[in-house]
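One structure is given below, encoded as structure tokens.
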Amino acid sequence: MAAKQADQPPREDDLTSTIKSLALKAGGDVVGVAPVARWDEFVPEGYRPYDILPGAKFVVVVGTRGPTMGAWKCPDARLMEVNGYDFANDRAIHVVANHIETETGFYAMQAPTLPVAGHQPLMSMMLAAVLAGLGTRSFAANIILNPKYGLLYYSAAITTAELMPDGMLEQQVCPAPMCVATYRNIGKTPCMAACPADEGGCLDGSIDGDGRIEEVYYDRERCSTRSMNFGINSFQKALAEIIEEQDSERRSAMINSDFFTRSCTSMGHFKESVAQCFECMRVCPIGRAERKLQ
Ligand code: SF4
Ligand code: SF4
């Protein structure tokens, strides 16, 4: 559809409230808006929103919950990966971008969250969520926790349109008061106790006298070997071994193995970015009330 040039550009507060309500209707749970200048302090030239879309002024960020409340209750943790994620944040952000372009005549594009080369994506959705006032970093794998929903999945749209910005959160969401109390008692918060670095896990850290994060330890490499076993990397690794295998019976067993089958499935469903471990989030009190049904 051709973009409509608006006779009169919409007022930024009207446009902002329209795209926020569209994003929520399209499956978003939260929406925030950040001016592009907020990136200047945190990322180098070449990785700022206006480097990706020249003339960009604002970034709209949408967060969605991913796994349903029932999926969190399922006793088989592996089903969180299989059933957990429906990309509603991507859908919602496309609705936002399409509305901006077709109804206002300004440019909009989805922020690139996958690398175009190597392993570094052009934009961090974690940073975008923080800068749009939707959450703050936590002890649990640095996951950005939203004060209402806890763990969310984020997508963003960069636009040249003028919008009304949201403020960033003033209060750190993590640690929750009960986590501070647990830390004072046993020296660990619930997420650290679920995945303790000193017992082969990935998390550690300290809380200061005011109940705020003092130091965070997160073993990202160890976590990724546990929580991201299937995807493009596992497919490439298994394929290289299959090609090298001379014994045809063994090669056939490798092709039909559980590991290679799951690697193919994860690519077919484009689930590389979905973790296979949620244990630090399962014990996190933030957002737990939103997961309660009958
Ligand atoms: S995702 Fe799993 S492995 Fe990674 S920090 Fe959380 S509990 Fe540990
Ligand atoms: S359990 Fe959640 S709120 Fe508590 S310290 Fe860990 S990440 Fe923070």
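Observations
- Hits in the range 200-219 - residues which are of a type in the set (A, V, I, L, M) and near ligand 1 (Cβ under 10 Å from one of its atoms): LEU203
So that you can scan it fast, the table gives a plain yes or no per residue for (1) over 12 Å from CYS284 (Cα atoms); (2) in contact (Cβ under 8 Å) with a residue 60 or more places away in the chain; (3) touching a Ser or Thr at 6+ places or on another chain (Cβ under 8 Å):
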site: HIS119; (1), (2), (3): yes, no, no
site: LEU127; (1), (2), (3): yes, yes, no
site: ARG137; (1), (2), (3): yes, yes, no
site: ALA140; (1), (2), (3): no, yes, no
site: LEU145; (1), (2), (3): no, yes, yes
site: GLY150; (1), (2), (3): no, yes, no
site: TYR153; (1), (2), (3): yes, yes, yes
site: ALA161; (1), (2), (3): yes, yes, yes
site: VAL173; (1), (2), (3): no, yes, yes
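- All positions within the range 148-192 that are of a type in the set (A, V, I, L, M), within 16 Å of ligand 1 (Cβ to nearest atom) and in contact with a helix residue (DSSP H, G or I) (Cβ under 7 Å, 6 or more places away or on another chain): LEU151
- Screening ASN89 on (1) within 14 Å of the chain's Cα centre (by Cα); (2) modelled with pLDDT under 90 shows it passes everything except condition (2).
- Residues of the range 4-26 that turn out to be at pLDDT 90 or above and either of a type in the set (D, E, K, R) or touching a Leu at 6+ places or on another chain (Cβ under 8 Å) (or both), as a count: 6
- Qualifying positions in the range 226-261 - open to solvent by 70 Å² or more (accessible area, probe 1.4 Å) and closer than 24 Å to GLY201 by Cα: ARG226, MET228, ASN233, PHE259
- The range 198-225, residues that are closer than 28 Å to PRO115 by Cβ and either surrounded by 16 or more Cβ atoms within 10 Å (Cβ to Cβ) or within 12 Å of ligand 2 (Cβ to nearest atom) (or both): GLY201, CYS202, LEU203, VAL216, TYR218, ASP219, CYS223
- Scanning the range 24-54 for residues that are open to solvent by 50 Å² or more (accessible area, probe 1.4 Å) and either under 18 Å from GLU101 (Cα atoms) or assigned to a loop (DSSP other than H, G, I, E, B) (or both) yields ASP40, GLU41, PHE42, PRO44, GLU45, TYR47, TYR50, PRO54.
- Residue list for the range 44-77, filter: of a type in the set (A, V, I, L, M), at pLDDT 95 or above and either under 18 Å from the mean Cα position of the chain (by Cα) or within 30 Å of CYS284 (Cα to Cα) (or both): VAL59, VAL60, VAL61, VAL62
- Any hit, the range 274-294, residues being assigned to a loop (DSSP other than H, G, I, E, B), out of contact with any Gly (no Cβ under 9 Å at 6 or more places or on another chain) and either more than 11 Å from ligand 1 (Cβ to nearest atom) or on the phi > 0 side of the Ramachandran plot (or both): yes
The values are calculated or read from the model by the stated rules, or taken from the named source; none is laboratory data. Owing to the predicted nature of the structure, the values given are computational and were not obtained by experimental measurement. With ideal geometry, Cβ positions are generated from the backbone for all residues, glycine too; neighbour counts draw on all protein chains shown. Please note that ligands, DNA and RNA were not included when accessible areas were found on the heavy atoms of the full protein model with its side chains. Shrake-Rupley method; radii C 1.70, N 1.55, O 1.52, S 1.80 Å.
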